[in-house]
Amino acid sequence: MDLLTQEILPEDYFISDEPYYEPVADEIQIFEAAYKNQLPVLLKGPTGCGKTRFMEHMAWRLKRPLITVSCHDDLTASDLVGRYLITGGETIWVDGPLAKSVRSGAICYLDEVVEARKDTTVVIHPLADDRRVLPMEKRGVVLEAKDDFCLAMSYNPGYQSIMKDLKQSTRQRFVALEFDYPAAAVEQKILQTEAEIDAELAQTLVKFAHMTRNLKGSGLDEGASTRLLVHAALLIKEGINPVAACKGAIAQALTDDAEMLAAINELSASLF
């Protein structure tokens with residue numbers, strides 16, 4: 001085992017001000033119970049439904065540093081664990097974000113984990129069971145996780161192909177929390193709070209979002225997310241025409257297909 005000195009993370013890894021998050025069920029209580037029992041957590045849900053904001057809120061709530069990794073096709077196990085680099089003629093070891101989190105007792109959040117290369121599961125698995133260790137093969141050591149270390153991951157099961165799905169051997173190591181777009185009343189409250197708009201505008205935007213979500217599978221991969229609604233609301237608040245705001249912040253973000261763009265723009269024009 002590697003008993004190297006605990007890393008002290010800078011203050012900017014801690015979230016000092018409470019991030020606004022509107023609970024939709026018992027996700028906060030479940031996450032807190034999982035954290036208390038050193039269980040890793042998997043967040044499942046569509047793009048822009050609040051998974052990342054939830055993680056920021058929980059890091060603030062638990063008073064733990066948060067290290068977020070946005071996963072992509074080129075992300076390897078070495079990117080997560082660390083590597084040797086040559087600096088000033090010397091060869092030094094530089095920890096990756098996962099190793100930093102393990103050493104410092106941080107929450108490590110792997111966002112859209114299925115986008116990473118498959119070799120990342122080699123280092124995730126021993127951290128996600130009762131061993132709670134991180135193999136560092138290049139150093140020939142195994143790093144033990146601090147007691148307050150937490151591993152969390154997210155992915156969008158409705159958007160991934162079978163080639164990018166999570167294996168059962170990975171999924172069954174995690175406590176899973178399912179996220180979706182909130183109920184209309186809750187989503188309206190979120191818009192009013194986030195964008196500081198009135199109830200009538202928030203209600204209309206939520207109605208528009210539901211119209212686009214009904215098009216999922218009929219020309220759209222995803223409908224308008226809560227995040228995109230906030231973007232549109234902020235544009236409208238700055239004086240942008242609502243139809244133009246919905247076109248720029250929502251329609252253009254959802255598709256490049258000319259017919260679908262026209263259909264979505266017609267929906268917004270019918271409401272505004």
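The listed residues are Val122, Val114, Val133, Val142, and the only one of them that is among the β-branched types (Val, Ile, Thr) and either crowded, with 22+ Cβ neighbours inside 10 Å or in contact with a Gly (Cβ under 6 Å, 6 or more places away or on another chain) (or both) turns out to be Val114. Of the strands (runs of 3 or more DSSP E) contained entirely in segment 101-155, those carrying at least 1 residues that are of a type in the set (Asp, Glu), touching a residue at least 40 places away in the same chain (Cβ under 8 Å) and closer than 19 Å to Pro65 by Cα fall at 107-111, 141-144.
Yes/no per residue for (1) surrounded by fewer than 13 Cβ atoms within 10 Å (Cβ to Cβ); (2) of a type in the set (S, T, N, Q); (3) not assigned by TED's automatic domain parsing to the domain that holds Arg53:
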{"residue": "Met211", "(1), (2), (3)": "no, no, yes"}
{"residue": "Asn214", "(1), (2), (3)": "yes, yes, yes"}
{"residue": "Ala224", "(1), (2), (3)": "no, no, yes"}
{"residue": "His231", "(1), (2), (3)": "no, no, yes"}
{"residue": "Ile240", "(1), (2), (3)": "no, no, yes"}
{"residue": "Val243", "(1), (2), (3)": "no, no, yes"}
{"residue": "Ala249", "(1), (2), (3)": "no, no, yes"}
{"residue": "Asp256", "(1), (2), (3)": "yes, no, yes"}
{"residue": "Ala263", "(1), (2), (3)": "no, no, yes"}
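Conditions tested, residue by residue: (1) over 14 Å from Glu27 (Cβ atoms); (2) crowded, with 20+ Cβ neighbours inside 10 Å.
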{"site": "Gly48", "(1), (2)": "yes, yes"}
{"site": "Phe54", "(1), (2)": "no, yes"}
{"site": "His57", "(1), (2)": "no, yes"}
{"site": "Lys63", "(1), (2)": "yes, no"}
{"site": "Leu85", "(1), (2)": "yes, no"}
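Being surrounded by fewer than 18 Cβ atoms within 10 Å (Cβ to Cβ) and under 30 Å from Asp221 (Cβ atoms) is a description that applies to Glu22. In a loop (DSSP other than H, G, I, E, B) and hydrophobic (A, V, I, L, M, F, W, C): is that true of Leu75 in this structure? When the stated conditions are applied, Leu75 passes them. Checked against the criterion of being in a loop (DSSP other than H, G, I, E, B) and within 19 Å of the chain's Cα centre (by Cα), segment 182-205 has at least one qualifying residue. Considering Phe174, Phe208, the condition of being under 30 Å from Pro126 (Cα atoms) and at pLDDT 95 or above is satisfied by Phe174 alone. Ala185 meets the conditions (1) more than 22 Å from Ala34 (Cβ to Cβ); (2) modelled with pLDDT of 95 or more; (3) touching a Leu at 6+ places or on another chain (Cβ under 9 Å) in every case but one. The failed one is (3).
Taking the criterion of being closer than 17 Å to Ala145 by Cα and either without any contact (Cβ under 8 Å) to a residue 60 or more places away in the chain or assigned to a strand (DSSP E or B) (or both), the residues of segment 78-100 that qualify are Leu80, Val81, Gly82, Asp95, Gly96, Pro97, Leu98, Ala99. Quick check: is even one residue across segment 141-151 under 24 Å from Thr47 (Cβ atoms) and either in the same structural domain as Arg53 (by TED's automatic domain parsing) or not aromatic (Phe, Trp, Tyr) (or both)? Looking for residues that are under 24 Å from Thr47 (Cβ atoms) and either in the same structural domain as Arg53 (by TED's automatic domain parsing) or not aromatic (Phe, Trp, Tyr) (or both), one finds at least one in segment 141-151, hence yes. When residues in segment 33-46 are screened for being loosely packed, with under 15 Cβ neighbours inside 10 Å and either closer than 22 Å to Val186 by Cα or in contact (Cβ under 8 Å) with a residue 60 or more places away in the chain (or both), 1 of them pass.
When segment 234-243 is examined, which residues are found to be more than 15 Å from Ala209 (Cα to Cα) and of a type in the set (A, V, I, L, M)?
In the first step, residues of segment 234-243 are kept if they are more than 15 Å from Ala209 (Cα to Cα); the result is 234-241.
Answer for segment 234-243, where residues must be more than 15 Å from Ala209 (Cα to Cα) and of a type in the set (A, V, I, L, M): Leu234, Leu235, Ile236, Ile240.
Please find, within segment 47-66, the residue that is nearest to Asp17 (Cα to Cα) out of those that are in contact with a Ser or Thr (Cβ under 8 Å, 6 or more places away or on another chain) and touching a residue at least 60 places away in the same chain (Cβ under 8 Å). Across segment 47-66, the extreme among qualifying residues is Met55.
One line per residue, one yes/no per condition, for (1) among the basic types (Lys, Arg); (2) assigned to a loop (DSSP other than H, G, I, E, B); (3) under 20 Å from Gly50 (Cβ atoms):
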{"position": "Ala209", "(1), (2), (3)": "no, no, yes"}
{"position": "Arg227", "(1), (2), (3)": "yes, no, yes"}
{"position": "Gly239", "(1), (2), (3)": "no, yes, no"}
{"position": "Ala244", "(1), (2), (3)": "no, no, no"}
{"position": "Ala251", "(1), (2), (3)": "no, no, no"}
{"position": "Leu261", "(1), (2), (3)": "no, no, no"}
{"position": "Ile264", "(1), (2), (3)": "no, no, no"}
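The values are calculated or read from the model by the stated rules, or taken from the named source; none is laboratory data. Here the structure is a predicted model, which is why all the values come from computation and not from measurement. Ideal geometry is used to build each Cβ from the backbone, glycine not excepted, and the neighbour counts take in all protein chains shown.
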